[in-house]
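Notes follow the structure.
The values are calculated or read from the model by the stated rules, or taken from the named source; none is laboratory data. As the structure is a prediction and not an experimental result, all values here were calculated from the model. Ideal geometry is used to build each Cβ from the backbone, glycine not excepted, and the neighbour counts take in all protein chains shown.
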Amino acid sequence: DLETGVEQDLIGKNILITAGPTVERIDPIRFITNRSTGKMGYAIAEAAVKRGANVTLVTGPSNLTPPAKANVIPICSAVDMYEAVKSHMDTQHIIIKSAAVADYRPETINDQKIKKQEGDMSIKLVRNPDILLELGKTKGDKVLVGFAAETNNVEEYAKCKVERKNLDFIVANDVTAKDAGFGTDTNIVKLIDKYGDIQEISSTKLDIANRILDKAKEFIK
Ligand code: CTP
Ligand code: CA
């Protein structure tokens with residue numbers, strides 16, 4: 001691109017990116033969510049658009065502005081995200097799952113505000129679908145990239161996820177590290193691929209986004 005100086009190496013490539021948190025409703029007033037801001041996923045979407053890709057961004061609630069040229073699909077719950085991803089997965093060359101998906105949701109969503117009662121209360125949580133695991137089952141030629149935010153045993157847990165979910169590689173980060181993780185502009189990650197190759201990158205989220213896209217491109221058949 002003569003204007004931006006960015007090489008258009010992803011023209012004709014369809015890339016789906018999930019970003020941000022999911023929100024699981026309890027009643028009209030309350031919900032369960034997590035600390036994801038969407039920064040890493042939006043950075044990947046921005047980098048991919050600049051490099052000429054056709055980008056679909058499936059995003060949980062985020063204050064960030066998505067790239068103008070992306071096809072943005074806003075969702076709230078993990079089930080909504082699953083439906084959106086399923087309906088777009090067949091045409092994708094690369095799927096990058098940076099979203100922080102809730103593992104559980106309240107069994108029922110109350111139509112009305114839950115009133116306080118005597119004594120304690122508990123909410124039954126049921127398992128959400130594991131979107132990435134399901135994608136891995138019918139992977140075909142698609143490049144599948146996962147994320148793993150961990151607080152301990154980062155490499156070990158991340159490697160298990162690569163294998164269990166049939167991924168090409170995973171972006172693992174230790175969210176307890178300084179200048180890394182939720183809401184920061186920088187990150188420290190390890191790209192761990194299915195062949196056991198490990199690449200550590202400490203940089204801005206936009207730079208890391210480009211390195212993730214470089215590696216994903218290598219896996220396209
Ligand atoms: N993921 C997903 N659907 C879920 C849960 C996770 O697609 N219901 C994806 C995430 O988007 C991420 C990857 O799976 O790319 C790993 O998520 P993570 O929460 O680290 O792993 P889990 O398999 O949920 O294991 P745990 O939370 O127990 O560490
Ligand atoms: Ca999880």
Taking only the range 1-51 into account, find how many residues are assigned to a loop (DSSP other than H, G, I, E, B) and aliphatic (A, V, I, L, M).
7
Check residue 3 against each of (1) modelled with pLDDT under 95; (2) among the acidic types (Asp, Glu); (3) within 15 Å of the chain's Cα centre (by Cα) and name the one condition it does not meet.
(3)
Name every residue in the range 100-138 that is within 15 Å of residue 89 (Cβ to Cβ) and β-branched (Val, Ile, Thr), in order of residue number.
131, 138
Failed criterion for residue 92 (all others in (1) within 16 Å of ligand 2 (Cβ to nearest atom); (2) touching a Leu at 6+ places or on another chain (Cβ under 9 Å) hold):
(1)
Restricted to the range 153-186 and to residues being at pLDDT 90 or above and farther than 21 Å from residue 219 by Cβ, the residue surrounded by the most Cβ atoms within 10 Å (Cβ to Cβ) is 154
Starting from the range 12-37, keep only residues that are under 18 Å from residue 95 (Cα atoms), then list their pairs with residues that are of a type in the set (Phe, Trp, Tyr) and at pLDDT 95 or above whose Cβ atoms are within a distance under 6 Å, requiring at least 6 positions of separation or different chains.
19/42
Among (1) farther than 24 Å from residue 47 by Cα; (2) touching a residue at least 12 places away in the same chain (Cβ under 8 Å), the one test that residue 143 misses
(1)
Yes/no for residue 32 being within 16 Å of ligand 1 (Cβ to nearest atom) and farther than 24 Å from residue 142 by Cα
yes
